[in-house]
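Engineer: Sharing a structure, written as structure tokens. Questions coming.
The values are calculated or read from the model by the stated rules, or taken from the named source; none is laboratory data. Keep in mind the model is a prediction, meaning the values are calculated, not measured. Quick reminder, even Gly has a Cβ in these numbers, built from the backbone with ideal geometry, and neighbours come from all protein chains shown.
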Protein chains: 4
Amino acid sequence: MQDFTPVNPEYKEMVRKQLAGNHFMNFIGFEIKDIKPGYVSGELELKEQHLQQMGYLHGGVTATVADIVCGFSIYTLLGKNQGVVTVDLNVAYLNPGIGDKLVANSTVLKAGNRIFFSEGEVWVESKNKRILVAKVSATMAVLNFTEESNPVK
Amino acid sequence: MQDFTPVNPEYKEMVRKQLAGNHFMNFIGFEIKDIKPGYVSGELELKEQHLQQMGYLHGGVTATVADIVCGFSIYTLLGKNQGVVTVDLNVAYLNPGIGDKLVANSTVLKAGNRIFFSEGEVWVESKNKRILVAKVSATMAVLNFTEESNPVK
Amino acid sequence: MQDFTPVNPEYKEMVRKQLAGNHFMNFIGFEIKDIKPGYVSGELELKEQHLQQMGYLHGGVTATVADIVCGFSIYTLLGKNQGVVTVDLNVAYLNPGIGDKLVANSTVLKAGNRIFFSEGEVWVESKNKRILVAKVSATMAVLNFTEESNPVK
Amino acid sequence: MQDFTPVNPEYKEMVRKQLAGNHFMNFIGFEIKDIKPGYVSGELELKEQHLQQMGYLHGGVTATVADIVCGFSIYTLLGKNQGVVTVDLNVAYLNPGIGDKLVANSTVLKAGNRIFFSEGEVWVESKNKRILVAKVSATMAVLNFTEESNPVK
């Protein structure tokens, strides 16, 4: 992982403000736990509502968490009135997910002016085991707001 | 779209049984409305819980719905004791989603013995407008169960 | 397919100028045959040099041709001193390619200010058969040059 | 990177036999230099024929080399009469490639019975610099041959 210097020294606070308003993330129960320049990780206690009909973790939960960590690792490197939207998300589902807790992390690969690349991992943990459920790559486009036009105050 | 002949003449019933137990789909509120050989479509009334912090449709909702329709278009062509798991999901986010209702569909591209390919579209509709939010491609692997081992009875 | 109006009325000439200097395309022998707003198609006579060790079309040829058509369908919609570079390329290999001639086409899905999306198909033809070898999606970023800085005069 | 034990103790020889007949790889000039269980790396001296019209490395060369290394890292773990074909290839183009030599490597992420996942990196080197041009993920499907049906003797 590269050494990144955040543009905004208060990047942690900025990321937390974004997280607070992320409705779908809050709806499924995922929480970001660790925030560093160019990196975030988080977790989700798995319940029945996160599964598909065969009892495995739903691929949509995996993709959602992937999109979230890949976006927020990038947010750590943005300026105060910037945002990102996902351009491309690729999820490789390596193993079916069965377990108690989902853990996910993401690292920025390239911080550009207009486009960022990040990658991520989604794991499922139970007492004695840790399974790599998916590897993910994401491309995101930077949005530049003014103080007024920024939808996240 | 190709003409597909379902292996199981009762494919609609089989798909409905799978859908009933798809917990995460039910949790977010997406419903499959139309089921044909090699094709499904469905919809979701958009609420605040489906959005991200800037007020757009959350990319995780788009990816989840994409995974669901791409999987269930394939289910229409499976045998009674078969299932599929997602191998790869690629989502291209063409436009930000703002609107009242999400509509998604998927078509099977290739029905193999072990691997199926499908593609899908996710739209957001409001009164006077329809926006193509994402195009998706999915690769899925076939699981072969026996009557006993089939997790979906 | 949408109706696109080219920014540059001499888009065909502009695309042909770009094609002339595309060394790797010329090296493998692929030729663009049809150019319309938001669309190109082309072909390649298959020779042993395009195959892998099992006698199938090499996946790299498929990906190369995919990248070319997905890029040039976008070039038809660019201004005189613009260019694009590939951001993401996703290739789904539906069927092994065996045949005499490769045929590929691409259509623009979204023409943005900074980012374009296009999709494509790669077919292999022989006397009596036509096989869909791959479906492709591409994301490309726009480069803005001046008359002087434009590397393609 | 995981520790992999090759099924075939003569995996290096087996991989070299496959490489010898890989026509398109030989046509473009890429050479595999290092072969370990679950890993390969190789290089390509860059010439004008590998470039596009703006003077950058052609995205098709990047994708071709990506497909090759991601396939051959998997070959190191196959049995004597097995092969793989690419199912999905995703290339994220991080930086434009300008330099003297392309260097690429790939690592196996998951060795399944029917499906393998691998990932790779493509770099471009010049005297004083090394640029990460692309990160790649690939899904491949296993082919099982008999001694007689194996196309690579």
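Engineer: What number of residues in the range A:1-20 are under 20 Å from B:GLU48 (Cβ atoms) and aromatic (Phe, Trp, Tyr)?
Structural biologist: Residues that pass the stated criteria total 0.
Engineer: Kindly provide the set of residues from the range A:42-57 that are surrounded by 20 or more Cβ atoms within 10 Å (Cβ to Cβ) and either within 8 Å of the chain's Cα centre (by Cα) or among the small types (Gly, Ala, Ser) (or both), ordered by number.
Structural biologist: A:GLY42
Engineer: Here's something else I'd like to know. Just the residues that are at the interface with chain D (Cβ under 10 Å from one of its Cβ atoms) and more than 16 Å from the chain's Cα centre (by Cα), please, taken from the range A:105-114.
Structural biologist: The one that is at the interface with chain D (Cβ under 10 Å from one of its Cβ atoms) and more than 16 Å from the chain's Cα centre (by Cα): A:GLY112.
Engineer: Just one of (1) under 30 Å from C:SER118 (Cα atoms); (2) touching a Leu at 6+ places or on another chain (Cβ under 8 Å) trips up A:VAL87, so point out which.
Structural biologist: Condition not satisfied by A:VAL87: (2).
Engineer: May I ask you to list the residues in the range C:21-35 that are closer than 17 Å to D:HIS50 by Cβ and outside any loop (DSSP other than H, G, I, E, B)?
Structural biologist: Within the range C:21-35, C:HIS23, C:PHE24, C:MET25, C:ASN26, C:PHE27, C:ILE28 qualify.
Engineer: Of the residues that sit in the range B:82-102 and are surrounded by fewer than 22 Cβ atoms within 10 Å (Cβ to Cβ) and in contact with a Ser or Thr (Cβ under 6 Å, 6 or more places away or on another chain), which one is farthest from D:LEU89 (Cα to Cα)?
Structural biologist: Out of the qualifying residues, it is B:ASP100.
Engineer: Follow-up question, since we're still on this one. Give me a count of the residues in the range D:52-77 that are under 17 Å from D:ALA111 (Cα atoms) and aromatic (Phe, Trp, Tyr).
Structural biologist: 2
Engineer: Which pairs turn up if I take residues in the range A:89-104 that are within 10 Å of chain D (Cβ to nearest Cβ) and more than 19 Å from A:ALA138 (Cα to Cα) and look for partners that are part of a strand (DSSP E or B) and of a type in the set (Lys, Arg) with beta carbon separation below 9 Å, at least 6 apart in sequence or on another chain?
Structural biologist: Within 9 Å, the pairs are A:ASN95/D:LYS110.
Here is a yes/no grid of residues against (1) out of contact with any strand residue (DSSP E or B) (no Cβ under 7 Å at 6 or more places or on another chain); (2) among the small types (Gly, Ala, Ser); (3) more than 26 Å from C:VAL133 (Cα to Cα):
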{"position": "B:VAL85", "(1), (2), (3)": "no, no, no"}
{"position": "B:VAL108", "(1), (2), (3)": "no, no, no"}
{"position": "B:VAL124", "(1), (2), (3)": "no, no, yes"}
{"position": "B:ALA134", "(1), (2), (3)": "no, yes, no"}
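Engineer: Just one of the numbered conditions (1) facing chain B (nearest Cβ under 7 Å); (2) under 16 Å from A:ILE131 (Cβ atoms); (3) touching a Leu at 6+ places or on another chain (Cβ under 8 Å) is not true of A:ASP67; which one?
Structural biologist: (2)
Engineer: What is the number of the single condition among (1) in a loop (DSSP other than H, G, I, E, B); (2) touching a residue at least 24 places away in the same chain (Cβ under 8 Å); (3) within 28 Å of C:ALA92 (Cβ to Cβ) that D:GLN18 does not meet?
Structural biologist: If we test D:GLN18 against (1) in a loop (DSSP other than H, G, I, E, B); (2) touching a residue at least 24 places away in the same chain (Cβ under 8 Å); (3) within 28 Å of C:ALA92 (Cβ to Cβ), just (1) comes out false.
Engineer: With respect to B:ASN81, is the statement that it is farther than 20 Å from A:THR64 by Cβ, in contact (Cβ under 8 Å) with a residue 24 or more places away in the chain, in contact with an Asp or Glu (Cβ under 9 Å, 6 or more places away or on another chain) and not charged (D, E, K, R) true?
Structural biologist: yes
Engineer: Need the failing condition index for A:PHE117 against (1) in contact with a helix residue (DSSP H, G or I) (Cβ under 7 Å, 6 or more places away or on another chain); (2) closer than 26 Å to B:LYS135 by Cβ; (3) aromatic (Phe, Trp, Tyr); (4) away from chain B (no Cβ under 11 Å), just the number.
Structural biologist: In the conditions (1) in contact with a helix residue (DSSP H, G or I) (Cβ under 7 Å, 6 or more places away or on another chain); (2) closer than 26 Å to B:LYS135 by Cβ; (3) aromatic (Phe, Trp, Tyr); (4) away from chain B (no Cβ under 11 Å), A:PHE117 misses (1) alone.
Engineer: It is to be established whether one or more residues within the range C:101-109 are basic (Lys, Arg) and under 22 Å from D:THR86 (Cβ atoms).
Structural biologist: Among the residues of the range C:101-109, at least one is basic (Lys, Arg) and under 22 Å from D:THR86 (Cβ atoms), which makes the answer yes.
Engineer: Follow-up. A:LYS80: at pLDDT 95 or above and more than 20 Å from B:VAL87 (Cβ to Cβ), yes or no?
Structural biologist: Answer is no for this residue.
Engineer: Considering D:VAL133, D:VAL142, D:VAL84, D:VAL122, which residue is in contact with a helix residue (DSSP H, G or I) (Cβ under 7 Å, 6 or more places away or on another chain) and under 26 Å from B:LEU143 (Cβ atoms)?
Structural biologist: On inspection, the qualifying residue turns out to be D:VAL84.
Engineer: Take B:GLY71 and decide whether it is buried (at least 22 other Cβ atoms within 10 Å of the Cβ) and among the small types (Gly, Ala, Ser).
Structural biologist: For B:GLY71, the condition - buried (at least 22 other Cβ atoms within 10 Å of the Cβ) and among the small types (Gly, Ala, Ser) - is met.
Engineer: Continuing with the same structure: Out of C:GLY29, C:GLY55, C:GLY71, C:GLY60, which single residue is under 24 Å from C:PRO6 (Cα atoms) and of a type outside the set (Val, Ile, Thr)?
Structural biologist: C:GLY71
Engineer: Quick check, is C:ASN150 surrounded by fewer than 18 Cβ atoms within 10 Å (Cβ to Cβ) and touching a residue at least 60 places away in the same chain (Cβ under 8 Å)?
Structural biologist: Spelling it out, C:ASN150 is indeed surrounded by fewer than 18 Cβ atoms within 10 Å (Cβ to Cβ) and touching a residue at least 60 places away in the same chain (Cβ under 8 Å).
Engineer: Consider A:SER149 against the criteria (1) within 13 Å of another protein chain (Cβ to nearest Cβ); (2) within 30 Å of B:VAL152 (Cα to Cα): it satisfies all of them except one. Which criterion is unmet?
Structural biologist: Condition (2) is where A:SER149 drops out.
Engineer: Then there's this: Report, by residue number, each residue of the range C:33-53 that is in contact (Cβ under 8 Å) with a residue 40 or more places away in the chain and under 20 Å from D:ALA20 (Cβ atoms).
Structural biologist: Matches in the range C:33-53: C:HIS50 only.
Engineer: C:GLY60 - would you say it is crowded, with 19+ Cβ neighbours inside 10 Å and without any contact (Cβ under 8 Å) to a residue 24 or more places away in the chain?
Structural biologist: Taking the combined requirement at face value, the residue satisfies it.
Engineer: Out of all the residues in the range A:9-50, which are within 11 Å of another protein chain (Cβ to nearest Cβ) and of a type in the set (Val, Ile, Thr)?
Structural biologist: A:VAL15, A:ILE28
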